[in-house]
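Participant: My questions will all concern the structure given below.
Coordinate-derived values only; no laboratory data. On a predicted model such as this, the values are computed, not experimentally measured, just so you know. Cβ placement follows ideal geometry from the backbone for every residue including glycine, while neighbour counts extend to all protein chains displayed.
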C-alpha cells in the first residue's frame, strides 16, 4: 500500500503538515523500535497499515475539543489522530516507560502543542471528562467501558478499534448507549455514545 495515496483517496481532509509529521514519526519509530521493541510492527508495510487504520477514523469522527487514547503504545491510534486533528487536545495514556518516553520525544521533536503524554495506567488518573475516548488492542469492550467511566459524560463518545470479534462483544454494551460499527477492510471501528 502506498500510504499517502491511500489516505488521500480516503478523502480525510488532513492538515498540510500531516505527511511530514508521519514521515518523521516513522523514521523515529524505526530507530527506537530496534532498541526498545515498542511495537510488533517491524516492517514499513505493517506500520503503514497501522497508520492508515488510525487515521481513517477521521472520516467519521465528529469535531471535538478533547480526546483521550487509552493505552497508546507506540502511538496507535492516539498520536496519529493528534497529527490529523491539530485543533483537538489529545491526551495519550501509556503506562510503559519506554513507550511513554517515545511519545514524549515525538511530541517535543515535532513541536506538537496539542499533545499531553500521561505515563500512568488509566485507572490511576484523576477524573476528567473528554469529548471522545479511543483505544486500540487494549482489552475487550466491557472492560474499556469500565476503564473509561471516570472520563466521560452523557455527551462523550467512545471509539474502539476492533477486529471481527467486535460482534461477539456487543451484548456487553450498556443500556442507553447507542453504537455503530464502521467496517473498513479488516478493521471494525466501534463508535459508541448516547447520540450516535
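Participant: Against the 2.2 N^0.38 Å scaling, with N counting residues, where does the range 1-80 land? I'd like the Cα-based Rg ratio to two decimal places. Please report the intermediate quantities before stating the final value.
Facilitator: Values: Rg = 12.8 Å, N = 80, 2.2 N^0.38 = 11.6 Å.
Rg over 2.2 N^0.38 Å, computed on Cα atoms: 1.10.
Participant: Using alpha carbons only, how many degrees (0 to 90, rounded to 10) separate the axis of helix 97-109 from the longest principal axis of the chain?
Facilitator: Value to nearest ten degrees: 70.
Participant: Quick check on the range 3-193: of the DSSP beta bridges with both residues there, what percent are antiparallel, nearest 5%?
Facilitator: Counting only bridges with both partners in the range 3-193, antiparallel ones make up about 40 percent.
Participant: Could you check the simple spin-label distance between residue 125 and residue 113, using points 7 Å along Cα→Cβ, in nm with one decimal?
Facilitator: That separation, rounded to one decimal, is 2.2 nm.
Participant: Across bins of 10 angstrom width beginning at 0, how are the C-alpha pair distances of the chain distributed, in whole percent?
Facilitator: Final binned percentages: 9, 39, 38, 14, 1.
Participant: To the nearest 500 deg cm²/dmol, what mean residue ellipticity at 222 nm is calculated for the chain from DSSP H runs of n ≥ 4 alone, each contributing -39,500 (n - 2.57), summed and divided by the residues? Each step should come with its number before you reach the end.
Facilitator: Values: 7 runs with 70 residues, N = 196.
Estimated from H runs of four or more residues: -10500 deg cm²/dmol.
Participant: Rounded to the nearest 0.05, what FRET efficiency do residue 1 and residue 177 have when you use their Cβ-Cβ distance and R0 = 35 Å?
Facilitator: Values: r = 34 Å, r/R0 = 0.97.
Approximately 0.55, to the nearest 0.05.
Participant: Anyone know which of 173, 115, 129 comes out most mobile in the 10 Å Cα GNM of the chain?
Facilitator: Between 173, 115, 129, it is 173 that shows the largest mean-square fluctuation.
Participant: At 7 Å along Cα-to-Cβ for each site, give me the label-to-label distance between residue 184 and residue 34 in nm.
Facilitator: 3.1 nm
Participant: How much length is gained on full extension from residue 194 to residue 12, taking 0.36 nm per residue of separation minus their Cα-Cα distance?
Facilitator: Additional length available on full extension: 63.0 nm.
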